[in-house]
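J.: Have a look at this one.
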């Protein structure tokens with residue numbers, strides 16, 4: 001008979017870990033439903049709120065959306081539209097460019113391919129903070145500041161990590177399939193589009209999910225490049241609940257809008273949970 | 001259909017490795033030619049050069065009247081069946097078979113089909129032609145009920161049929177097969193072999209087939225091209241290759257079990273092998289020299305009193321194969337195999353380790369020394 005002790009200990013540890021991870025989410029939810037005074041108190045002392053509000057203020061959520069920006073509702077809708085546009089373009093561009101470059105590195109024989117692959121992998125070692133200022137200067141020279149172009153255009157040039165994933169996946173596809181497609185009348189672009197991409201669905205899903213979550217939640221990029229209120233994304237819109245001294249005002253609205261912003265990511269995680277975990281696994285093994 | 005002509009065809013890989021050298025061959029229109037040889041002999045490289053998957057570095061290749069050295073594989077009007085089938089896993093059988101036809105159609109899908117009635121009619125006509133081609137090929141191969149399945153839901157034999165079907169719908173000038181049966185189990189391989197042969201008889205198509213399995217080669221080919229070291233060792237009908245091998249390599253490669261070889265010296269029509277003196281008659285007459293005697297295992301038997309060509313041997317083992325038995329013999333340093341009827345099994349096992357084996361001088365072949373020594377009789 002199996003001993004129950006270790007199993008109970010494992011369960012307790014997992015439950016404890018889950019509670020620890022879920023605590024901020026629960027705190028956000030409770031604060032988003034509190035009255036302004038109780039929510040304000042919670043920011044001073046975390047434990048100053050009850051497990052669930054006695055009188056939940058559900059209107060906080062609609063108020064939060066209404067209160068974004070200077071024009072009622074407009075600020076929220078603009079931010080939502082901008083976030084959707086930037087995320088859609090970036091996800092599409094990343095999948096497109098990374099799969100294409102991955103195919104070239106995996107399947108097209110050309111001089112210097114190995115060196116290019118090594119250099120590309122090398123760029124993964126470079127922290128984004130290092131290139132932040134030079135890239136800003138470039139985009140400013142191009143006149144792209146306060147447009148979504150600096151956020152979207154780099155995605156058309158690939159991402160080293162996802163290129164690596166596509167390359168590894170495509171390198172495992174039997175050579176005979178590529179040769180069969182070539183004899184059937186496909187050139188390289190045809191092989192990539194008609195044979196490789198449909199077979200790369202798992203990698204496409206991982207790339208799309210990861211990119212979506214990163215871009216949707218990205219704060220730094222929009223903060224640097226998007227200055228006008230009507231061009232802000234949701235991550236920037238959240239910042240409008242901070243006053244000019246950096247302090248928090250209407251923290252219940254901030255938490256409500258933060259939760260609204262998180263909904264697509266949570267839904268996506270639930271839908272693509274399998275790919276998400278597989279992606280983390282494959283990254284760990286192949287990386 | 002078309003003939004395929006090789007003129008001094010060769011392949012040197014970057015780095016100087018010579019994979020194929022000086023292949024001269026004419027595959028006639030409608031002929032089934034099998035390239036056969038051990039691993040690394042250059043047979044697959046030769047086939048891939050015909051397919052356009054490997055660059056030709058020496059010589060000329062013609063398909064029909066056209067020199068195709070610089071023509072891309074897709075434009076050579078050939079179809080290839082791969083060893084691992086190479087079916088597109090995300091497409092159904094029908095879509096797999098339609099794939100090469102879709103790439104060739106003049107009127108595709110897209111917006112123009114929606115807005116241009118003339119274009120739409122032409123595209124629909126092409127749709128019907130493609131569908132008819134698929135139905136015809138599926139009927140020939142007996143895979144009509146599999147058309148809506150994905151390759152993952154098919155058995156090995158069914159996948160092989162689909163792969164042949166994908167080649168068939170194109171109605172190419174020539175079919176190329178790269179060891180298409182090697183992934184199948186032994187029973188299915190025999191069945192598919194018969195089906196391929198029947199398909200060739202029905203279509204009368206030019207087929208170039210690569211295999212390392214000499215049994216497959218013997219049963220399928222109108223002619224065999226035996227290759228080794230990147231060179232053609234012999235090109236002839238299967239029976240001729242078996243009975244009149246051009247050299248010792250071909251003699252040893254074709255036939256199961258392999259031909260037995262005994263090295264000895266010939267003088268005055270008599271061959272001396274160790275202590276034994278074998279009168280070989282006129283065929284071995286001439287100047288004294290070293291030769292290699294070749295004997296098919298089924299030509300070696302237990303000696304009777306008075307046999308002129310007999311050797312002392314040691315029975316190393318007897319393998320019962322049901323309808324026959326293989327007797328492993330040691331003659332001097334040479335190991336021989338005698339393939340005998342099952343009825344002789346007890347005779348060999350009771351004979352004890354020492355035995356005397358014999359053969360008819362007329363059935364022995366003689367080769368020059370060396371692994372590729374030419375047959376002199």
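The values are calculated or read from the model by the stated rules, or taken from the named source; none is laboratory data. Since the model is a prediction, treat every value here as computed from it, not as a measurement. With ideal geometry, Cβ positions are generated from the backbone for all residues, glycine too; neighbour counts draw on all protein chains shown.
J.: If you check every pair at least six apart or on different chains, which have Cβ atoms under 6 Å apart with a residue in the range B:112-131 that is under 22 Å from residue B:97 (Cα atoms) first and a residue that is modelled with pLDDT under 85 second?
T.: Short answer, once both residue conditions are applied: B:122/B:107; B:123/B:107; B:123/B:113; B:126/B:105; B:126/B:107.
J.: Taking the conditions exactly as written (within 14 Å of chain B (Cβ to nearest Cβ), out of contact with any strand residue (DSSP E or B) (no Cβ under 6 Å at 6 or more places or on another chain) and surrounded by fewer than 20 Cβ atoms within 10 Å (Cβ to Cβ)), does residue A:171 satisfy them or not?
T.: Spelling it out, it is not the case that residue A:171 is within 14 Å of chain B (Cβ to nearest Cβ), out of contact with any strand residue (DSSP E or B) (no Cβ under 6 Å at 6 or more places or on another chain) and surrounded by fewer than 20 Cβ atoms within 10 Å (Cβ to Cβ).
J.: Scan the helices (runs of 4 or more DSSP H) fully inside the range B:233-352 and keep the ones with 3 or more residues being closer than 30 Å to residue B:26 by Cα and touching a residue at least 60 places away in the same chain (Cβ under 8 Å).
T.: Per the criteria, B:248-253.
Rundown of residues vs (1) within 17 Å of residue B:91 (Cβ to Cβ); (2) crowded, with 18+ Cβ neighbours inside 10 Å, yes/no style:
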residue	(1), (2)
B:116	no, no
B:124	no, no
B:127	yes, no
B:136	no, no
B:145	no, no
B:152	yes, no
B:179	no, yes
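Per-residue answers, yes or no, for (1) part of a helix (DSSP H, G or I); (2) within 14 Å of another protein chain (Cβ to nearest Cβ); (3) within 30 Å of residue B:8 (Cα to Cα); (4) over 29 Å from the mean Cα position of the chain (by Cα):
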{"residue": "B:39", "(1), (2), (3), (4)": "no, no, yes, no"}
{"residue": "B:48", "(1), (2), (3), (4)": "yes, yes, yes, no"}
{"residue": "B:83", "(1), (2), (3), (4)": "no, yes, yes, no"}
{"residue": "B:91", "(1), (2), (3), (4)": "no, yes, no, yes"}
{"residue": "B:114", "(1), (2), (3), (4)": "yes, no, no, yes"}
{"residue": "B:121", "(1), (2), (3), (4)": "yes, no, no, yes"}
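J.: Regarding the range A:97-108, can at least one residue be identified that is surrounded by 14 or more Cβ atoms within 10 Å (Cβ to Cβ), part of a helix (DSSP H, G or I) and within 14 Å of another protein chain (Cβ to nearest Cβ)?
T.: Yes, the range A:97-108 contains a residue that is surrounded by 14 or more Cβ atoms within 10 Å (Cβ to Cβ), part of a helix (DSSP H, G or I) and within 14 Å of another protein chain (Cβ to nearest Cβ).
J.: Any idea which of A:36, A:56 is surrounded by fewer than 15 Cβ atoms within 10 Å (Cβ to Cβ) and closer than 18 Å to residue A:249 by Cβ?
T.: A:36
J.: Only one of (1) surrounded by 11 or more Cβ atoms within 10 Å (Cβ to Cβ); (2) touching a helix residue (DSSP H, G or I) at 6+ places or on another chain (Cβ under 8 Å) is not met by residue A:51, so which one is it?
T.: (1)
J.: In the list B:199, B:280, B:224, B:291, which residue meets the criterion of being more than 13 Å from the chain's Cα centre (by Cα) and assigned by TED's automatic domain parsing to the domain that holds residue B:23?
T.: B:199 is the lone residue from the list that is more than 13 Å from the chain's Cα centre (by Cα) and assigned by TED's automatic domain parsing to the domain that holds residue B:23.
J.: Scan the range A:200-220 and give yes if some residue there is within 12 Å of another protein chain (Cβ to nearest Cβ), without any contact (Cβ under 8 Å) to a residue 24 or more places away in the chain, farther than 30 Å from residue A:135 by Cβ and touching a helix residue (DSSP H, G or I) at 6+ places or on another chain (Cβ under 6 Å), otherwise no.
T.: no
J.: Looking only at residues that are more than 20 Å from the chain's Cα centre (by Cα) and under 23 Å from residue A:164 (Cβ atoms) in the range A:126-145, which one is surrounded by the most Cβ atoms within 10 Å (Cβ to Cβ)?
T.: A:135
J.: Which number in (1) free of Cβ contacts under 8 Å to residues at least 24 places away in the same chain; (2) surrounded by fewer than 20 Cβ atoms within 10 Å (Cβ to Cβ) marks the one condition that residue B:68 misses?
T.: Only one criterion in (1) free of Cβ contacts under 8 Å to residues at least 24 places away in the same chain; (2) surrounded by fewer than 20 Cβ atoms within 10 Å (Cβ to Cβ) is unmet by residue B:68, namely (2).
J.: Could you say whether any residue in the range A:46-60 is in contact (Cβ under 8 Å) with a residue 60 or more places away in the chain and on the phi < 0 side of the Ramachandran plot?
T.: Yes.
J.: Keeping to the range B:50-75, report how many residues are within 14 Å of chain A (Cβ to nearest Cβ) and on the phi < 0 side of the Ramachandran plot.
T.: 12
J.: Within the range A:93-121, how many residues are in contact (Cβ under 8 Å) with a residue 12 or more places away in the chain and over 17 Å from residue A:168 (Cα atoms)?
T.: 1
J.: So residue B:140 clears everything in (1) touching a residue at least 12 places away in the same chain (Cβ under 8 Å); (2) surrounded by fewer than 13 Cβ atoms within 10 Å (Cβ to Cβ); (3) away from chain A (no Cβ under 14 Å) except one condition, right? Which one?
T.: Going through (1) touching a residue at least 12 places away in the same chain (Cβ under 8 Å); (2) surrounded by fewer than 13 Cβ atoms within 10 Å (Cβ to Cβ); (3) away from chain A (no Cβ under 14 Å) one by one, residue B:140 breaks only (2).
J.: Looking at A:25, A:20, A:29, can you tell me which residue is at pLDDT 80 or above, over 16 Å from residue A:260 (Cα atoms) and in a helix (DSSP H, G or I)? Reasoning before the result, please.
T.: Working: A:25 fails: over 16 Å from residue A:260 (Cα atoms); A:29 fails: over 16 Å from residue A:260 (Cα atoms).
After applying the criteria, what remains is A:20.
J.: Same structure again: Filter the range B:50-80 down to the residues that are part of a helix (DSSP H, G or I) and either under 14 Å from residue B:12 (Cα atoms) or touching a strand residue (DSSP E or B) at 6+ places or on another chain (Cβ under 9 Å) (or both) and list them by number. Please lay out each step first, then the result.
T.: Just the residues of the range B:50-80 that are part of a helix (DSSP H, G or I), to begin with: B:50-51, B:73-75.
Answer for the range B:50-80, where residues must be part of a helix (DSSP H, G or I) and either under 14 Å from residue B:12 (Cα atoms) or touching a strand residue (DSSP E or B) at 6+ places or on another chain (Cβ under 9 Å) (or both): B:50, B:51, B:73.
J.: Check off (1) over 13 Å from the mean Cα position of the chain (by Cα); (2) modelled with pLDDT under 95 for residue B:249 and give me the number that stays unchecked.
T.: Residue B:249 satisfies all of (1) over 13 Å from the mean Cα position of the chain (by Cα); (2) modelled with pLDDT under 95 except (2).
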